[in-house]
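Novice: Dumping the structure here so I can ask a few things about it.
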Amino acid sequence: MTLRVALPSRGRLRDGVLSLLNDAGYPSAVLNGAARAATAQVEFIEMRPRDAGAWLATGRIAGAFISTDIMIEEELADLTKVPLGLARSDLILASREDDGRTGAADLAGGTVATHLPGATHRWFAAAGVDVTVVTMGGSLEGVCAAGLADAIVDLRETGNSLARNRLRVLAEIASCEALFVHHPAYHHSEALADLTLRIAAVLTARDQRYVMLHLPPGRIGDLTTVFSGLAAPTVLPLAGRDDLVAVHLVVQASTFWSRLAPLRELGASGIVALPPDALLP
């Protein structure tokens, strides 16, 4: 049976997911520009993340690329999720700068506008604060700035929109990012296992560098002083050279850049660092 997976229909979440899937061997030419695209094992269906969360909750689709706020809204916490490190933001509670409020308790009896009515109701109920929640589909900052809503529950990416509308954060509800979430009914699917394996391989590779260099044979053991925790590197002979060998190793990208000078001090030359497409331990 073909695995059905929801793709975001627009925005930076879609862009990040398409890039990830392309790196994982699902060509963007197949995925981009169509509401529905199928590969040998997976059928990708384009839909809004909010709709994807609702369909995922029913079990009619196997997985979805959504964000943390949608997972909270649709109460999908029990489903397996893979953090993707994309589209990071914070789910926040905000009100006007000049309203004198300092926390959620000050909103008792007030009106809160949001795209996430379920999550907002539950959060205020847990805090013991009674509010009226108004569900909206468009921009939230304006209705709060105009005084129609006493506060909003919304995603904050940079905070610039809040500042332009003279709103301030009263509480941070959750840290959010893109996720691949899949339903337990499909946990035995080989296609799902393959998809999640590919995603993991790409995510792991993005933080690494495949390094190739030449080094005097007597200095190979000293590499562990440069890259702590380094497992045995691959060492290859160089044709016609006894004074140098080729060394291949995989290291954290941030570590590589900070250790260039110590590498040179060991006598390393011909240093090349490449981003790997995939990496499996």
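Novice: Taking Cα pairs under 8 Å and at least six residues apart, what relative contact order does the chain come out at, in percent?
Specialist: Taking the mean separation of contacting Cα pairs over the length of the chain, I get 20 percent.
Novice: Sticking with this structure for a sec: Classify the range 1-143 as rounded, prolate or oblate from the Cα gyration tensor: take a ≥ b ≥ c as the square roots of its eigenvalues, call it rounded if a/c is under 1.5, otherwise prolate when a/b beats b/c and oblate if not.
Specialist: Cα axes put the range 1-143 in the prolate bin.
Novice: I'd like the distance separating the alpha-carbon centroids of the range 80-95 and the range 219-281, in whole Å.
Specialist: 36
Novice: What accessible area per residue, rounded to a whole number of Å², is obtained for the range 198-239 using a probe radius of 1.4 Å?
Specialist: Averaged over the residues of the range 198-239, the accessible area is 52 Å².
Novice: Can I ask one more? Where does each of TYR186, TYR210 land when they are ordered by accessible area, with a 1.4 Å probe and the largest first?
Specialist: TYR210, TYR186
Novice: Please say if the range 165-277 is rounded, prolate or oblate, where rounded means a/c under 1.5 for a ≥ b ≥ c the square roots of the C-alpha gyration tensor eigenvalues, and otherwise the choice is prolate for a/b larger than b/c and oblate otherwise?
Specialist: oblate
Novice: Just going by the charge dipole of the range 1-148, with Lys and Arg at +1 and Asp and Glu at -1 on Cβ, which of ALA104, SER67, LEU3 is farthest out on the positive end?
Specialist: Value: LEU3.
Novice: Considering only protein heavy atoms, with the full assembly of protein chains and a 1.4 angstrom probe, order GLU177, GLU265, GLU46, GLU97 by accessible area, largest first.
Specialist: In descending accessible area the options line up as GLU265, GLU97, GLU46, GLU177.
Novice: Of all the accessible heavy-atom surface of the chain, with the other protein chains kept in place and a 1.4 Å probe, what percent is carbon and sulfur?
Specialist: 51
Novice: Ignoring the sites themselves, what is the longest stretch of the chain with no trypsin sites (Lys or Arg not before Pro) in a DSSP loop and at most 16 other beta-carbon atoms within 10 Å?
Specialist: The longest such stretch corresponds to 167-281.
Novice: If you don't mind, there's one more thing I want to ask. Can you work out D for the chain in µm² s⁻¹ from Stokes-Einstein, where Rh is the Kirkwood radius over C-alpha pairs, the temperature is 10 °C and the viscosity is 1.306 mPa s?
Specialist: Approximately 72 µm²/s, per Stokes-Einstein.
Novice: Leaving ligands, DNA and RNA out of it, rank HIS188, HIS248 by accessible area with a 1.4 Å probe, largest first.
Specialist: HIS188, HIS248
The values are calculated or read from the model by the stated rules, or taken from the named source; none is laboratory data. Worth saying up front: this structure is predicted, and the values here are computed from it rather than measured. Counting neighbours? That spans all protein chains shown, and the Cβs are built from the backbone with ideal geometry, glycine included. Heavy atoms of the whole protein, side chains included, go into the accessibility calculation; ligands, DNA and RNA do not. Shrake-Rupley method; radii C 1.70, N 1.55, O 1.52, S 1.80 Å.
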